[in-house]
Amino acid sequence: MRTFNYIAPLALALALTACGEASESEAGASAAGSIEAVEAPAGQKWSETVSKTEAGGIVMGNPDAPLKLVEYMSITCSHCKDFGEQAFVPLRDNYVESGRVSFEIRNFVRDPLDLSAAILSRCGGEGPFFPLTEQALSYQATMFEKAQAMGEATYSNILGSAPDTRFVRLADELGLISFFQQRGISEDQAKACLADSAAAEALMNNTQKAVEEYDIQGTPTFLLNGQKIDGTNWAMVEAKLKEAGVR
């Protein structure tokens, strides 16, 4: 089952970008004693230890961190943008760098706009993924303006084109190619990533797995050590981390 229809009308695709509240927690992290910090190997920083996960996400931090925080996020989600603005710096500096918490982002693609941006956020590999994602979230308003200006006819024509050209054309209309080009992803590199239908398929499949395995109904949704937690803002997530032993 697809999470969106490639040829959905533009109005519908933009409606899909509205964030839903995360569903109720199945089980929160239990109260625990204080977790000790873990030093990174000599000459390294945990925030610069970044890799791809089996679930298709990108994780930052100590691979053996006792607390593993996962965010299912959409680049077209305003609540995800708010969380990034509130959380990225304190989460990285106060939690990930201590070696006690790892932070993984799993793209939950909701519409063609989101998928195009997600592909480009991954185009430079794991290293620049987090800063590129943070900056892509800041581009939301401009992306929506350009999408509305595109019009239904152009949008439908683009999404009806061949798989190896549709996301190149869409990203170009949205200004995403030039946006990422200014952040180190060359135009040729961006177009190659957007033409990779297997990469798009993988992101859609991972989104569908998230629905099936964790009943993800809205973004952002957070897992702590594999369990959904209540909260869609940094204050609530940070409270769960402290409750779990990061003091």
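The values are calculated or read from the model by the stated rules, or taken from the named source; none is laboratory data. Predicted model only: the values in this text are computed from it and were never measured. Glycine gets a Cβ as well: all are built from the backbone with ideal geometry, and neighbour counts include every protein chain shown. For the accessible areas, the whole protein counts, side chains as well, though only heavy atoms, and no ligand, DNA or RNA atoms are used. Shrake-Rupley method; radii C 1.70, N 1.55, O 1.52, S 1.80 Å.
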- Message: Using only the alpha carbons of the stretch 192-247, what is the convex hull's orientation-averaged projected area in square nanometres?
- Response: 5.3
- Task: Return, ordered by residue number, the residues of the stretch 92-113 whose backbone nitrogen is under 14 Å from a label point located 7 Å along Cα→Cβ of E213.
- Result: 104-108
- Can you list the residues of the stretch 59-78 with backbone N under 18 Å from a point 7 Å past the Cα of F144, pointing along Cα to Cβ? 73-78
- Query: Label-point separation (nm) for A202 and Q181, each offset 7 Å from Cα along Cα-to-Cβ?
  - Reply: 2.6
- Among the lysines, which have Cα under 30 Å from the Cα of K191 when same-chain residues fewer than 8 positions away are ignored? K52, K81, K146, K209
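Compute the Kirkwood hydrodynamic radius of the chain, taking the inverse of the mean of 1/r over all pairs of distinct Cα atoms, and give it in Å to one decimal. Kindly include the intermediate steps, with their values, before the conclusion.
On the way: mean 1/r = 0.0542 Å⁻¹.
Final number for the Kirkwood radius of the chain is 18.4 Å.
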- Task: Sorted from largest down, give the three principal axis spans of the alpha carbons of the stretch 29-71, whole angstrom values.
- Result: 29, 29, 13
- Carbon/sulfur accessible area of the chain, % of total, 1.4 Å probe, equals 49
- In terms of the Cα gyration tensor, with a ≥ b ≥ c the square roots of its eigenvalues, is the stretch 131-214 rounded because a/c is under 1.5, prolate because a/b exceeds b/c, or oblate? rounded
- The simple spin-label model distance between E54 and D93, using points 7 Å out along Cα→Cβ, in nm, is 3.5
- Task: State in Å² the accessible area per residue of the stretch 180-247; use a 1.4 Å probe, count heavy atoms of protein chains only, and round to the nearest integer.
- Result: 46
- Contact order relative to length of the chain, as percent, for alpha carbon pairs under 8 angstrom and 6 or more apart: 35
